[in-house]
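Engineer: Structure incoming, see below.
All of the numbers you see were taken from the coordinates with simple rules; none came from a lab. Fair warning: this is a prediction, and the values are worked out from it, not measured in the lab. Quick reminder, even Gly has a Cβ in these numbers, built from the backbone with ideal geometry, and neighbours come from all protein chains shown.
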Amino acid sequence: MNGSYNYYRFLQGDENGLVEVIREYKDGLILYLNTFTNDIFIAEELAMDTFVKIGMKKLKDKKYASFKTWLYTIGKNLAIDYLRKNSKKNIPINDKIIYNESILETILKDERKIIIQKAMNNLKTEYKQVLWLSYFEKFSNNEISTIMNKKVHNIETLLYRAKQSLKKELEREGFSYEKL
Amino acid sequence: MKNYKEMADEVLFRIKKEKIKRKKCLIASLCIIFILPVFTFLLINQNISDKVLENYMIITNYKTNLEQSYIVPKNGEYYCFIEVNEARKKYIDKNVSYLLKIELFKEKNGEYVDIKKEEYMQELKRLSEEGYKFYKVYYWLYNDSKTEKIYYPTIMVKLTEEQLQNFKSNDNYGYAFRFITNEDYSPIEFYETNVISNFDTYYE
């Protein structure tokens, strides 16, 4: 069973289909959206908005290779809308980051992922996103190009530069990139 | 942070709410698209009908080529000039009123006698109390050299077909109903606001 099967169940009138979709994709989507917002609670709200949106409209566009790609693309568009609307608001971030990190550790569980995630926090937003989609969500470059609305070639370049930045960041923290 | 079940509950609730909202929007849109134009059309038509009734369907004049012989009505009877009867035939099925001049006649011992102005006004007052509406209107005639219009006031009554058929006459008088026009046969101007309530003053 996968996301598109459960989503199809929901479209046929079975609400449990959407419950399964949420169970399967909730955490990954929230963490991905957190790379935009740097606020896990806003990311959670945006994830809910994403699920509401897919509950209201049907997947018609054939350009999406998978249900997950479509879901993340909608999430990304909502996050961008949110940032655009709130770009002029000053949000204090110091306390939020510490709190976010403790929640992320609970979600991620894996120590290796926690180290990478912490290091990624200091990277450019685009680097964070592409690394997240590639390492944590295991999307292919093609799929990432669809979600980020960039050409595959640009994604490859972006991913290479993001890896270099992550390597430097990890080394600065005393970790070895290769071991991770 | 919510667990997936809590989140799913909230998402499903929001989807239902959103769908209801969309349905309402759809219904509102349909109302705007279909019902509003119909309503507007009816409203405009209603206004037109009102205007027709107010401005045009009060018959103040009717032209006919028929020749008529004038009959003086006997006491308690009434007579309509031929133009009035022709107009009544034409508008029999329509919701119209006629603006008419009442001529009053009095027969005494087989002879017709003049009716004084005060007596005339007293009879109009009685008819007014019976529910008929009288109006002060002006018609014009040319002066002797035909270079100037001179306006004269007169009193006219507004009657429906039903009121004409069931006219509450007084046994002391005979009545003749006729239209009044200006000297060039153009219709007189009529205003609903010029309704007469005081019959102690003579208007002609």
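Engineer: Tell me, B:F179, A:F10 in order of fewest to most beta-carbon neighbours within 10 Å?
Structural biologist: A:F10, B:F179
Engineer: Also, I was wondering about something else. Among A:L123, B:L26, rank each residue by its count of other Cβ atoms within 10 Å, from fewest to most, as a rough exposure measure.
Structural biologist: By the 10 Å Cβ count, ascending: B:L26, A:L123.
Engineer: Per residue of A:42-55, how many C-beta atoms from partner chains lie within 10 Å of its own C-beta, taken as a mean?
Structural biologist: 3
Engineer: Sort A:D27, B:D9, B:D144 so that the residue with the fewest other Cβ atoms within 10 Å of its own Cβ comes first and the one with the most comes last.
Structural biologist: B:D144, B:D9, A:D27
Engineer: When the Debye formula is applied to the Cα atoms of region A:111-180, each taken as the same point scatterer, what base-10 log of I(q)/I(0) results at q = 0.13, 0.28 Å⁻¹?
Structural biologist: -0.34, -1.28
Engineer: Mind checking which aspartates and glutamates have their C-alpha under 15 Å from A:K76, skipping anything on the same chain fewer than 8 residues away?
Structural biologist: A:D27, A:D39, A:E44, A:E45, A:D49, A:E126, A:E137, A:E143
Engineer: Continuing with the same structure: Enter the mean number of other protein chain beta carbons within 10 Å of the beta carbon of each residue in B:103-110, as an integer.
Structural biologist: Other-chain Cβ atoms within 10 Å of each residue's Cβ, averaged: 0.
Engineer: Follow-up question, since we're still on this one. How long are the semi-axes of the ellipsoid equivalent to the protein assembly as shown, from square roots of 5 times the Cα gyration tensor eigenvalues, in whole Å, largest first?
Structural biologist: 98, 21, 19
Engineer: Name the shape class, rounded, prolate or oblate, that the alpha-carbon gyration tensor gives for region B:58-194, where a ≥ b ≥ c are the square roots of its eigenvalues, rounded holds for a/c under 1.5, and otherwise prolate holds if a/b is larger than b/c and oblate otherwise.
Structural biologist: rounded
Engineer: Between their Cα atoms, which of A:K118/A:K163; A:K138/B:K5; A:K58/A:K151; A:K26/B:K2; A:K26/A:K151; A:K128/A:K150 are more than 21 Å away from each other?
Structural biologist: Over 21 Å apart, Cα to Cα: A:K138/B:K5; A:K58/A:K151; A:K26/A:K151.
Engineer: Could you work out, residue by residue across B:10-18, how many beta carbons of other chains sit within 10 Å of that residue's beta carbon, and then give the average as an integer?
Structural biologist: 6
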